[in-house]
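Structure first, commentary second.
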Amino acid sequence: MNCYSLLEHTLQNILHSINPLEEDWSMRFQLIHELRAVVESIEILRGATVEPFGSFVSNLFTRWGDLDISIELPNGSHISAAGKKYKLSLLGDVLKALRAKGGCRKLQFITNARVPILKFQGNYNISCDISINNLSGQMKSKILYWINMIDGRFRDMVLLVKEWAKAHNINDSKTGTLNSYSLSLLVVFHFQTCVPAILPPLKEIYPGSMVDDLTGVRASAEKFIEETCAMNINRLMSNKSRAINRSSLSELFISFIAKFCDISSRASAQGISPFTGQWEDIVSNMRWLPKTYTIFVEDPFEQPLNSARGVSTKQLTRIEEAFRSTHFMLCSSNQNENEIISTLVKPHVSKFVARTSGNQNNYSRNGLRPQLQAQRAIKPPFQAHHQRQAQRVIHPPLRAQHQPQAQRPINPPLQAHQLQDKRVNRNQNSTAQGPTQAIRVQTQTVWRPKSDG
């Protein structure tokens, strides 16, 4: 077995081990319902909605992934705005309510961050981060979710890269290393710069700064963003002259690691721009001057924000060393599976990898819940006068091993103040040579806390 074959086998085994189980989806939905009850008990937050975002919404989470929650304040049909001081006050009220409820561990109130966050570990040992009015985070999550439609290997790579980064202790912004969002953007950038490219510059999916367009009536703003992305993704995927990248997952992973082996030295002069899909010289990019960061990974949906702004100089050296040592091991002629596993995942994950062989029936294909789970995931008491329609969501297609991009159109989702619940009927035998059957999505009404009105 050559190095690529061994690595491919190991990567697929790791993916089977880290993909969410049915119960992992169910537990997160249950935690969301419990948080809704807590928010409803706070007088000043009556009428607010509890809405998930982050890796859970973008379908880029593993069995051990945390849960990001935004409490959206009521403001009629318009997008609500609140100052940092007011957000801190509201999160303080949520903190008191969680303590009164009991059952929450590791409560931590982070007040000095750009976006104030209340962190805790609730039931089911799921870590949860709560913020106020984080609509931009919700929309970024949705766009990453839609990127899955272009090529299913994107999701696999993000999950593997995040597990690898955790294994090397370089996936924690609190310690001066890379956060999960910037790691996802590095995968986007790799898919843009490999040959042939798998993803386009993200300006071809949404031109301009998406966050700047989140103003006015929320439904209208979301509809504009969603329909713009859908139109551009459909155009891209219907382009029959587009070159198809047929690299295996192992080839993509090794080339990803190789691409950033000199990231420390290169970051001194160039920044990473998923928006334009290329390295950019910092001195000639007026958006990034003056240079005040160790490394620049531009947020393509909120330019010129740096998604890696927390990385320190000392830790960037460690990050580069993680890339270099991993690349050396993966290209070694005398590697073995145990060595690969110990390099790519933490010890507690490697235990699951060792016993996944022949026992994968409980895992959802591509990390998705079975349809039965989608039907029963949300069963709260409905409040007839306080319901809003849930969003129709497009799930990424199933991918066969080594399968290149499918030419598959997507339908623009409905806009609303929503929690995503997904049910999909997909053609599992699709190929890149022709269009597949239409994707059918079923929506479910989502309960909201009562308002005072």
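The values are calculated or read from the model by the stated rules, or taken from the named source; none is laboratory data. Just so you know, these numbers come straight off a predicted model, no measurement behind them. In case anyone asks, the SASA skips ligands and DNA or RNA and just uses the protein heavy atoms, side chains included. Shrake-Rupley method; radii C 1.70, N 1.55, O 1.52, S 1.80 Å.
Please list the three semi-axes, largest first and in whole Å, of the ellipsoid equivalent to the stretch 19-167, using sqrt of 5 times the eigenvalues of its alpha carbon gyration tensor.
Working: eigenvalues 141, 68, 40 Å².
So the equivalent ellipsoid measures 27, 18, 14 Å along its semi-axes.
Using the structure shown, list the pairs from Lys106/Lys142; Lys142/Lys162; Lys106/Lys140; Lys142/Lys223 with a Cα-Cα distance above 23 Å, or answer none. Please list the in-between numbers first.
Details: Lys106/Lys142 29 Å; Lys142/Lys162 19 Å; Lys106/Lys140 27 Å; Lys142/Lys223 12 Å.
Listed pairs above 23 Å: Lys106/Lys142; Lys106/Lys140.
The aspartates and glutamates whose alpha-carbon is closer than 17 Å to the alpha-carbon of Lys314, local same-chain residues fewer than 8 away aside, are Asp172, Asp262.
Centre-to-centre, using Cα atoms only, the stretch 41-118 and the stretch 178-205 are separated by 29 Å.
Largest first and in whole Å, what are the equivalent-ellipsoid semi-axes of the stretch 6-50 based on the Cα gyration tensor, each being the root of 5 times an eigenvalue? Intermediate results must be reported in sequence, preceding the final value.
On the way: eigenvalues 308, 18, 5 Å².
For the stretch 6-50, the semi-axes come out at 39, 9, 5 Å.
Ignoring ligands, DNA and RNA, please state the percent of accessible area on the stretch 204-262 from carbon and sulfur, probe 1.4 Å.
Values: 1340 of 2480 Å².
On the stretch 204-262, the fraction of accessible area on carbon and sulfur atoms equals 54 percent.
How large is Rg/Rh for the stretch 1-104, to two decimals, with Cα atoms and a Kirkwood Rh? Walk me through the numbers on the way to the answer.
Working: Rg = 19.1 Å, Rh = 16.4 Å.
That ratio equals 1.16.
Where does the stretch 67-153 land on Rg(C-alpha)/(2.2 N^0.38 Å)?
1.25
Eigenvalues of the Cα gyration tensor times 5, then square-rooted: what semi-axes does that give for the stretch 114-168, in whole angstrom, largest first?
On the way: eigenvalues 115, 69, 22 Å².
Rounded to whole Å, the semi-axes are 24, 19, 11.
With all protein chains in place and a 1.4 Å probe, the accessible surface of the stretch 1-144 carries 50 percent carbon and sulfur.
Listed values for the stretch 224-230 are Karplus-derived 3J(HN,Hα) couplings in whole Hz (6.51 cos²θ - 1.76 cosθ + 1.60, θ = phi - 60°), namely 4, 5, 5, 5, 5, 5, 4, and x replaces Gly and Pro.
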